[in-house]
Each structure stands twice: as C-alpha cells, then as structure tokens.
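Trainee: Provided herewith is a single structure, encoded as structure tokens, for subsequent inquiry.
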Amino acid sequence: MTDHRVRPLGDEKRHYWMALGMAQATGADLQRALEEGRITHEDWATVVQSCRGCTWTEGCDCWLKAQDPERAAQVPQACPNATFFEDVLNGQRQPGEPVSS
C-alpha cells in the first residue's frame, strides 16, 4: 500500500548539498553537462526539489558519508534522481528532456 500522506519538504540548502554530493560521489559532471547544454539550471532546480521531498534522506546521508572520494560509486536506486544522475553519467540527457522523479 502506498503512503500518500503529505510531508513537509526538507531544507533547501541541505538538499542542494546532498544532491551535489550525490553527483560528486557518482562522478556525474554537472558543470560539463550544463556547459554542453545537456542540463539546464531548471533541471538542477527540479533535482533539488525532488531531493527535498525524498523519504530516504537519512539513508542518503549515511551512503554519502561512506563513499570513497577517489572512486565513483554507482547511483543508488533509492535516490529519486537516480535516472537523472545515470543519464548525466552516460551522456544521455538531451536539452529540454524532462527530469523524472
């Protein structure tokens, strides 16, 4: 059964840094994707907003802390932005493509 209760969104700054941490931990080069036009600032805002609504926040914090900064990790499927980060990693994002969450 799906839980449809409304939950407050998490802190915007915290989730900005968590989403950025996820990109860095997985090797998703957001700056390059932005420069190449594969993502937009609006895409990034959507990713952060999606992160703010995530119920895996504490698990994400633990996962991020456990990552080796010298090695790119696989994007955890518990992340609501997993497809976005995987697409950035694989060069598969196209300009204007919706960010799924």
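The values are calculated or read from the model by the stated rules, or taken from the named source; none is laboratory data. Here the structure is a predicted model, which means the values were calculated and not measured. Here the Cβ is made from the backbone with ideal geometry for all residues, glycine too, and neighbour counts use every protein chain on show.
Trainee: Residues Ala45, Ala78, Ala33: which one is in contact with a helix residue (DSSP H, G or I) (Cβ under 7 Å, 6 or more places away or on another chain) and exposed (fewer than 15 other Cβ atoms within 10 Å of the Cβ)?
Mentor: Ala78
Trainee: State whether one or more residues within region 21-35 are assigned to a loop (DSSP other than H, G, I, E, B), of a type in the set (Lys, Arg) and modelled with pLDDT under 95.
Mentor: Within region 21-35, not a single residue is assigned to a loop (DSSP other than H, G, I, E, B), of a type in the set (Lys, Arg) and modelled with pLDDT under 95.
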